[in-house]
1. Run the quick spin-label model on residue 11 and residue 66: label points 7 Å from Cα toward the beta carbon, then report their separation in nm to one decimal.
2. Can you pull the one-decimal nm distance between simple spin-label points at residue 52 and residue 39, each 7 Å off the Cα toward Cβ?
3. Starting from the Cα-Cα distance between residue 59 and residue 83, subtract it from 0.36 nm times their residue separation and give me the gain in nm to one decimal.
4. Can you classify the stretch 29-90 as rounded, prolate or oblate using the Cα gyration tensor, where a ≥ b ≥ c are the square roots of its eigenvalues, rounded means a/c under 1.5, and otherwise it's prolate if a/b beats b/c and oblate if not?
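Just so it is clear, none of the values below were taken in a lab; they were calculated from the coordinates. Given the structure is predicted, the values throughout are model-derived calculations rather than measurements. Ideal geometry is used to build each Cβ from the backbone, glycine not excepted, and the neighbour counts take in all protein chains shown.
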């Protein structure tokens, strides 16, 4: 088991960059379409503004909820966050 220094595992920026990449590469028309589909299949309201915040490394206080990661990946036909998580654990 690796012992981490305090503050060493602050991944908010990396997750936001992954969300941004996933949204850009999704092939969806726009973030409004993505938010509508995420809202539909999750049963929770996820607005375009929320997606913008999740995808902004400057807004780390608005991190993507863990439960939403697989939903967003499904809608975007992506494994960016899953791959990042696996790689960060190696």
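1. So the two model labels end up 0.9 nm from each other.
2. So the label points at residue 52 and residue 39 sit 1.5 nm apart.
3. Between residue 59 and residue 83, full extension yields an extra 6.4 nm.
4. Oblate is the answer for the stretch 29-90, as a/c is 1.5 or above yet b/c matches or exceeds a/b.
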